[in-house]
Amino acid sequence: MNERMSYENWNKLTIEEQQNVPEDCLPEIPQEMLMNSLTSAVCRRMDGVIGWETTQRLPNGSNTRWFPAYKQKEIAGMMFWYRFDPTSATYSMNLTESEPTLDEEPMGMYGMRWMDFMEQQHPDLVELMQFRNNYLTVARSVDRSAQAYRELLDEQYAQMNPRPTEDYEEIRKWEETRRFYTDGTVMRERVLIPVTTP
């Protein structure tokens, strides 16, 4: 059996690194750090979500509950993120600066397709980026990278396969083939991949 990680070292990890810690290495809060009548606080996964199982002493016994490490709440139409403090069994608001909305800073096709892909295939990573207020920032970065890559591929394709100049039907086929090649390559190599940093 592996040794449990200390809470101090746990807090030094990024959210992604915390997700990769083996179950038997997840931290347990030392007794001397516990407040609010807590008698134990152990980090545990429930349905793949990291959280804390706490036991609190009550006048007529004890109460054991599991709390997700991060949660969101909508207030007046705005989403706010909260982080659980296992030493006191309380949530505190994540106060990092918010990023521009899609209305404030529109996004291109590749960024939107990446968001669809991430929300369908990697909702846990989307949640972590939303907690850090950088989901749209990463999407915009993917969009810029994909667009620049497409322009490069378009140029390379035109160099290797010169564009016809006279026959309309040949020009149309050339454009369709180039678009199919560049779009497919960009989607495969730049868009349909899980990334969490710009």
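The values are calculated or read from the model by the stated rules, or taken from the named source; none is laboratory data. What you see is a predicted model, and the numbers here were worked out from it, not measured in a lab. Every residue, glycine as well, gets a Cβ built from its backbone with ideal geometry; the counts of neighbours run over all protein chains shown.
Here are the numbers for the structure shown:
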| item | result |
| --- | --- |
| Tally of residues being farther than 30 Å from ALA69 by Cβ and in contact with a Lys or Arg (Cβ under 9 Å, 6 or more places away or on another chain) across segment 104-134 | 2 |
| Where TRP174 falls short, out of the listed (1) touching a Ser or Thr at 6+ places or on another chain (Cβ under 9 Å); (2) surrounded by 14 or more Cβ atoms within 10 Å (Cβ to Cβ) | (1) |
| Unmet criterion (only one of (1) modelled with pLDDT under 90; (2) among the hydrophobic types (A, V, I, L, M, F, W, C); (3) farther than 17 Å from GLY108 by Cβ) for PHE180 | (1) |
| Set GLU151, GLU127: member being surrounded by fewer than 16 Cβ atoms within 10 Å (Cβ to Cβ) and either over 30 Å from PRO27 (Cβ atoms) or not assigned by TED's automatic domain parsing to the domain that holds GLU28 (or both) | GLU151 |
| Residues of segment 20-57 classified as assigned to a helix (DSSP H, G or I) and crowded, with 16+ Cβ neighbours inside 10 Å, total | 0 |
| Residues located in segment 49-76, provided they are under 23 Å from MET93 (Cα atoms) and small (Gly, Ala, Ser) | GLY51, ALA69, ALA76 |
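Each row is one residue, and each column tells you yes or no for (1) farther than 25 Å from TYR70 by Cβ; (2) part of a helix (DSSP H, G or I).
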{"residue": "LEU102", "(1), (2)": "no, no"}
{"residue": "LEU136", "(1), (2)": "no, yes"}
{"residue": "GLU151", "(1), (2)": "yes, yes"}
{"residue": "PRO164", "(1), (2)": "yes, no"}
